[in-house]
1. Under a point spin-label approximation (7 Å from Cα along Cα-to-Cβ), what is the Ser187-Asp68 distance to one decimal in nm?
2. Placing +1 on the Cβ of each Lys and Arg and -1 on the Cβ of each Asp and Glu in the chain, which of Leu262, Gln28, Ala140 has its Cα farthest towards the positive end of the resulting dipole?
3. Report the net charge of residues surrounding Leu329, where surrounding means a beta-carbon distance below 13 angstrom and charges are Lys +1, Arg +1, Asp -1, Glu -1.
4. Only four residue types carry charge here, +1 at the Cβ of Lys and Arg and -1 at the Cβ of Asp and Glu. Report the dipole size of the chain about the Cα centre in Debye, rounded to the nearest 20.
5. What distance in nm separates the two pseudo spin-label positions at Asp265 and Leu277, each 7 Å out from Cα along the beta-carbon direction?
6. When the Karplus curve 6.51 cos²θ - 1.76 cosθ + 1.60 is applied with θ = phi - 60°, which whole-Hz ³J(HN,Hα) does each residue of the range 239-246 get, with x for Gly and Pro?
7. Round to a whole number: what % of the accessible area of the range 11-59 belongs to carbon and sulfur, probe 1.4 Å?
8. For the range 60-65, take each phi angle, set θ = phi - 60°, evaluate the Karplus expression 6.51 cos²θ - 1.76 cosθ + 1.60, and give the result in whole Hz per residue in order, putting x for glycine and proline.
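The values are calculated or read from the model by the stated rules, or taken from the named source; none is laboratory data. Remember, it's a predicted structure, so these values are computed and weren't measured experimentally. In this analysis, Cβ positions are derived from the backbone assuming ideal geometry, glycine residues included, and neighbour counts consider all displayed protein chains. We work out accessible area using only protein heavy atoms, side chains counted, and drop any ligands, DNA or RNA first. Shrake-Rupley method; radii C 1.70, N 1.55, O 1.52, S 1.80 Å.
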Amino acid sequence: MVLASIHRPGVLEGVRAAYRLDPQHVRQLRNAIYKRGVALDEAVARLPSPARTQLADDIALTSLDLVDRRDSQLDGATKLILRNRADLALESVVLRLQSGRNSVCVSSQVGCAAACRFCATGQMGMARNLRVEEILEQVARAGQILRTEGRRLRNVVFMGMGEPMHNRAAVEEAVARLIDPAWFALSPKHVLISTVGIVDELRRFVERFPEVQIAVSLHTARQEIRERLMPLAAHTSLGELRRALVAIQRARRRPTMLEYLLLDDVNDTPADLDALLAYCRDLDVHINLIPFNPIDSAPALRPSTPARQADFTRGLKEAGLRVTTRFSLGQDIAAACGQLVRHAPRTSRVGPR
Ligand code: SAH
């Protein structure tokens, strides 16, 4: 028999009702594992008997196994390589920032159907949706690691493997628990969903969670270039995406982040800057420029030169736009944006690639 995961919404309530456990014990357990980052077996062991044994018998404490952990020698990134019950490997990244904004970057799928040219996950092809408990377990594990270091998890970003809006049902259930005061109790402002811009799904998501942060991977304001970089752009035109951005802005009343990967001579010329400025006119956006992390599967793509990057940034700022440049962690452990990939899950070797 496959036991239901403790992280699956409703499971703990079911066991509590079946054994008439004290609701206080369920609260204690949740507070320990989600708010304080206590390891699961330790949290369960603290419960009085018989709740302890009944829980341990009826509930699976993990739905992901830790295959490997790699700590960056350069910065505060730790990559976790996990394997689910379907024997698929996935990755999450714990990010320790000096400012105390300790974050975890979680995967919402194994693989990705968006197939963006510049992204290692996209180049893997196929996508398998992760279940809500698999998403939540990535967050719980990050919280446990940080706790052992005297740190606290503050932010969750859906920027790992996968397109969150292709798995909206599970992502929504996960987000609901991340901001639920009885579960992780994170501020919705500290949860961020990054999407290629699947407009209908995104609008539904924003209706349910207007306070959660939204980032849209724009990467260019020129349709033909976007289609070249992001095959899904052929289905959603930049015009349609812009209409969705206006609607989202109305529902959220706070700026939406537009992500812009800077690729040498692809989307960083003065003409690209002009197109982006025109696109952003009257939108309430914040541009996050992303230095490109080269990947093996796209040898022709290179990061913008420092001079071009500086010109592009200055051009945006002079037009009055809010601009930040992403600081990528974990380059040495292939944990930076776009570098998460796992080949052939069953035989995946652990070790330097
Ligand atoms: N599917 C979602 C979330 C995953 S990626 C999305 O596309 O938004 C998170 C961010 O990293 C996206 O903006 C993505 O375009 C960017 N990214 C992908 N590959 C990258 C690379 N090689 N270097 C830098 N950023 C990359």
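1. Between Ser187 and Asp68, the label points sit 3.7 nm apart.
2. Toward the positive end, the furthest listed residue is Gln28.
3. Counting the neighbours of Leu329, the net charge comes to +2.
4. For the chain, the charge dipole is close to 780 debye.
5. Here the answer is 2.5 nm between the modelled labels.
6. x, 5, 4, 5, 4, 5, 4, 5
7. Values: 1250 of 2540 Å².
Here carbon and sulfur together make up 49 percent of the probe-accessible area.
8. 7, 7, 9, 10, 10, 9
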